[in-house]
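The values are calculated or read from the model by the stated rules, or taken from the named source; none is laboratory data. In this text, all values refer to a predicted model and were calculated from it rather than measured experimentally. All Cβ positions, even for glycine, are placed from backbone atoms using ideal geometry, and neighbour counts span all protein chains on display. Quick note on the areas: whole protein, heavy atoms, side chains included, nothing else; ligands and nucleic acids left out. Shrake-Rupley method; radii C 1.70, N 1.55, O 1.52, S 1.80 Å.
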Amino acid sequence: MIGEYLRVTAAELDRAIQDPDWALDFVEEVQDAEEESEPAPADARHFSTYKTWDVLRFLLARAEFPVNVVHGEEPFAEDEDWGYGPPRYLRPERVRLAAQAFQTTTYDELIDDVDPADLTSAEVYPLRWDEPGALEWGRQWYDGLTQFFDAAAVADDAMLVWLD
């Protein structure tokens with residue numbers, strides 16, 4: 001299971017909500033284009049947290065992060081399955097709020113006082129929390145997600161969010 005994000009303009013979000021088939025085609029087009037160029041998170045339209053999505057969910061929930069950046073907040077294409085269920089989205093104002101919260105929430109703060117055994121007992125995917133340094137695994141994805149959301153907020157973009 002992989003956490004996936006696509007930055008979209010307000011017009012693209014409206015079109016995605018109205019035409020989920022177009023949205024999925026657009027996602028695949030952007031993913032294919034960026035797979036070859038591998039832009040930095042701040043320059044990308046697509047970003048993936050790979051398998052760290054669930055540890056990020058756990059850590060952000062524990063920190064009472066104000067936006068559900070892992071699953072998205074508003075449903076669309078509810079009859080579609082983009083891998084592990086339907087996609088959701090964040091409106092531009094929620095993207096901006098998330099970007100602001102990311103700026104004041106460091107990864108060190110997120111993992112402070114976290115016992116890897118808590119992740120195991122909570123069955124946080126992918127269940128490898130007994131390995132040395134396991135909590136550090138999410139750092140690079142968190143940092144990239146922070147940069148990705150910052151750039152989206154500056155551009156006043158919305159965000160499509162799904163698990164694949």
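Filter the stretch 31-47 down to residues that are closer than 18 Å to Thr9 by Cα and in contact (Cβ under 8 Å) with a residue 60 or more places away in the chain and give me whichever is surrounded by the fewest Cβ atoms within 10 Å (Cβ to Cβ). Walk me through it before giving the result.
Applying the first criterion (closer than 18 Å to Thr9 by Cα) to the stretch 31-47 yields 31, 33-34, 41-47.
Filter once more, so that each one left must be in contact (Cβ under 8 Å) with a residue 60 or more places away in the chain: 41-44, 47.
Details: Pro41: 20, Ala42: 15, Asp43: 12, Ala44: 21, Phe47: 23.
Top of the filtered list is Asp43.
What number of residues within the stretch 120-164 are under 19 Å from the mean Cα position of the chain (by Cα) and outside any loop (DSSP other than H, G, I, E, B)? Spell out the reasoning first.
Going residue by residue through the stretch 120-164, those that are under 19 Å from the mean Cα position of the chain (by Cα) are 124-126, 135-164.
Within this subset, residues satisfying the condition of being outside any loop (DSSP other than H, G, I, E, B) are 135-154, 158-163.
Counting residues in the stretch 120-164 that are under 19 Å from the mean Cα position of the chain (by Cα) and outside any loop (DSSP other than H, G, I, E, B) gives 26.
Restricting attention to the stretch 79-87, does a residue exist that is more than 26 Å from Gly138 (Cβ to Cβ) and hydroxyl-bearing (Ser, Thr, Tyr)?
Taking every residue of the stretch 79-87 in turn, none turns out to be more than 26 Å from Gly138 (Cβ to Cβ) and hydroxyl-bearing (Ser, Thr, Tyr).
Restrict the check to the stretch 49-57 and report whether at least one residue is within 22 Å of Asp81 (Cα to Cα), at pLDDT 95 or above, buried (at least 21 other Cβ atoms within 10 Å of the Cβ) and out of contact with any Gly (no Cβ under 9 Å at 6 or more places or on another chain).
no
Contact list please: Cβ distance under 6 Å, first residue in the stretch 56-77 and farther than 20 Å from Arg139 by Cα, second residue part of a loop (DSSP other than H, G, I, E, B), pairs at least six apart or on different chains.
Ala77/Pro86; Ala77/Pro87
Check off (1) under 14 Å from the mean Cα position of the chain (by Cα); (2) of a type in the set (A, V, I, L, M, F, W, C); (3) part of a helix (DSSP H, G or I) for Met1 and give me the number that stays unchecked.
Every listed condition holds for Met1 apart from (3).
From the list Asp108, Asp156, Asp113, which residue is open to solvent by 50 Å² or more (accessible area, probe 1.4 Å) and in contact (Cβ under 8 Å) with a residue 12 or more places away in the chain?
Asp156
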